[in-house]
Every structure is written in structure tokens, then in C-alpha cells.
Amino acid sequence: DIQMTQSPSSLSASVGDRLTITCRASQDISNYLAWYQQKPGKVPKLLMYATSTLQSGVPSRFSGSGSGRDFTLTISSLQPEDVATYYCQNYNGAPFTFGPGTKVDIK
Amino acid sequence: QVQLVESGGGVVQPGRSLRLSCTASGFTFSNYAMHWVRQAPGKGLEWVAGISYDGRDKYYAGSVKGRFTISRDSSQNTLSLQMNSLRAEDTAVYYCARDGYTYGLTYFDYWGQGTLVTVSS
């Protein structure tokens with residue numbers, strides 16, 4: 001099975017800061033990577049798929065990049081409503097594993 | 001609009017069984033693979049099982065293989081998860097999720113509100 005790791009596990013930043021979250025797969029998954037946002041007490045929400053394709057309605061301050069084993073999620077200017085846990089997910093064949101999550105909050 | 005509504009959660013003793021259901025609406029159910037994803041209290045997301053759009057192909061996480069069975073009834077727009085031999089570590093909120101790609105098995109673009117399963121004596 002493909003294992004997914006994320007770093008950091010948590011971070012605290014100021015409004016307006018640029019953030020980068022890293023996701024690494026244990027083997028090559030091409031671009032079959034999705035990102036989800038889960039706000040406290042809420043249902044997970046799809047942010048992007050195919051590494052960098054934004055889901056409809058997701059603000060353009062979110063972007064993704066990478067291929068193979070290494071991927072990043074970037075928030076260009078952190079907003080208060082971005083406080084959440086972010087998960088990457090591999091979909092290069094079952095099992096469709098998630099990363100452990102990165103918790104983002106505001107300083 | 002797409003809606004997924006789970007039901008069937010509750011408190012169950014270890015070793016017993018429980019069946020979860022998810023009723024879908026707002027899209028052509030028979031065109032999409034469907035999945036179950038769970039989240040233990042205070043923990044991350046874990047994909048549990050997926051089923052192809054036509055029900056022919058089923059996939060499971062290693063942690064539930066041989067104990068859980070995913071199925072679908074496209075005439076009723078329902079997805080089910082039969083959970084047998086439940087363990088304490090199966091305690092979680094179980095989400096029903098739609099696959100994001102017509103006829104594919106990929107990521108999850110719509111999620112239900114979840115149903116809580118608690119395995120405890």
C-alpha cells in the first residue's frame with residue numbers, strides 16, 4: 001500500500017502570510033493527488049484534484065503543485081476562514097490513502 | 001443539488017454487526033463510484049471501502065477487509081456498508097462520499113454529514 005506523509009503536522013501563521021504544506025507518497029503516484037480542507041466540526045471539503053486543479057468555488061489563493069512522490073499545497077495569503085486541517089489523498093489505485101493531516105491556525 | 005444522507009450508526013458491542021446506509025439524490029447515482037470514509041474521534045481521515053459505478057468492483061482498506069462489505073442498489077439510490085465482527089478501533093464517524101469522476105474510482109467530491117458508530121461494551 002502507498003503511504004502518505006505530510007509536513008508540518010501543524011503550523012501557526014498570521015493573516016496574509018504565504019503557507020506551504022508538503023505531502024509525500026511512498027511511491028510514484030503520478031499526479032493522482034487530491035487535497036481536502038476540514039474545518040473544526042465540519043465535513044471534509046474537496047479543494048483540488050489532479051495535483052493542481054481547483055474544485056469549483058475554491059478561492060484562487062489555494063494552489064497545488066508536484067508530481068511523482070512530492071506535492072505541495074500553497075495558500076498565497078492566509079485568511080481567517082482558512083483555519084482548518086488539510087489532508088492530501090492518493091488515488092493512484094486502491095487503497096486510497098490519506099495523509100495524516102496538517103492543522104493550520106492563526107497566530 | 002447533490003445530497004448524501006447516512007443512517008444506521010449507533011452503539012454496538014464488540015464482535016457484533018451493524019449496517020450503514022447512504023441515500024443519494026441530486027445526481028445520476030448509477031454513473032458514479034461511491035466510497036465510505038471514516039474518522040475516529042480526534043483523528044484523521046481513513047478511506048474504508050469503495051465500489052465501482054456498476055457494483056462489479058469493490059475495494060477495501062486492509063483494516064476492514066474480510067469484516068466489512070460494501071454494496072449498492074442503484075434502483076434505490078442507496079449505498080450500504082455491512083460491518084461485522086466490530087472492534088473498538090472501528091469507532092468513528094462514517095462518511096458516505098461520491099467519487100469525483102464519472103465511472104472512475106478517484107477522489108471524493110461530495111460528502112454526507114456522517115453517522116457515528118461507537119463500539120463499546
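Remarks
- Single condition residue B:71 does not satisfy, out of (1) open to solvent by 40 Å² or more (accessible area, probe 1.4 Å); (2) more than 13 Å from chain A (Cβ to nearest Cβ); (3) of a type in the set (S, T, N, Q): (1)
- Evaluated against (1) open to solvent by less than 60 Å² (accessible area, probe 1.4 Å); (2) over 30 Å from residue B:58 (Cα atoms); (3) in contact with a Leu (Cβ under 9 Å, 6 or more places away or on another chain), residue A:103 falls short on exactly one condition, (1).
- Inside the range A:16-55, residues that are within 18 Å of residue B:44 (Cβ to Cβ), more than 12 Å from chain B (Cβ to nearest Cβ) and open to solvent by less than 40 Å² (accessible area, probe 1.4 Å) make up a count of 3.
- Filtered by the rule that a residue be within 19 Å of residue B:58 (Cα to Cα) and of a type in the set (Ser, Thr, Tyr), the range B:79-118 gives B:80, B:94, B:95, B:101, B:102, B:103, B:106, B:107.
This table checks each residue for (1) open to solvent by less than 10 Å² (accessible area, probe 1.4 Å); (2) more than 12 Å from every other protein chain (Cβ to nearest Cβ).
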| residue | (1), (2) |
| --- | --- |
| B:36 | yes, no |
| B:43 | no, no |
| B:53 | no, yes |
| B:59 | no, no |
| B:93 | no, no |
| B:100 | no, no |
| B:109 | no, no |
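The values are calculated or read from the model by the stated rules, or taken from the named source; none is laboratory data. Just so we're clear, the structure is a prediction, and the values are computed from it rather than from any experiment. Using ideal geometry, Cβ is built from the backbone for each residue, glycine included, and neighbour counts are taken over all protein chains shown. Note: areas computed on protein heavy atoms with side chains; ligands, DNA, RNA excluded. Shrake-Rupley method; radii C 1.70, N 1.55, O 1.52, S 1.80 Å.
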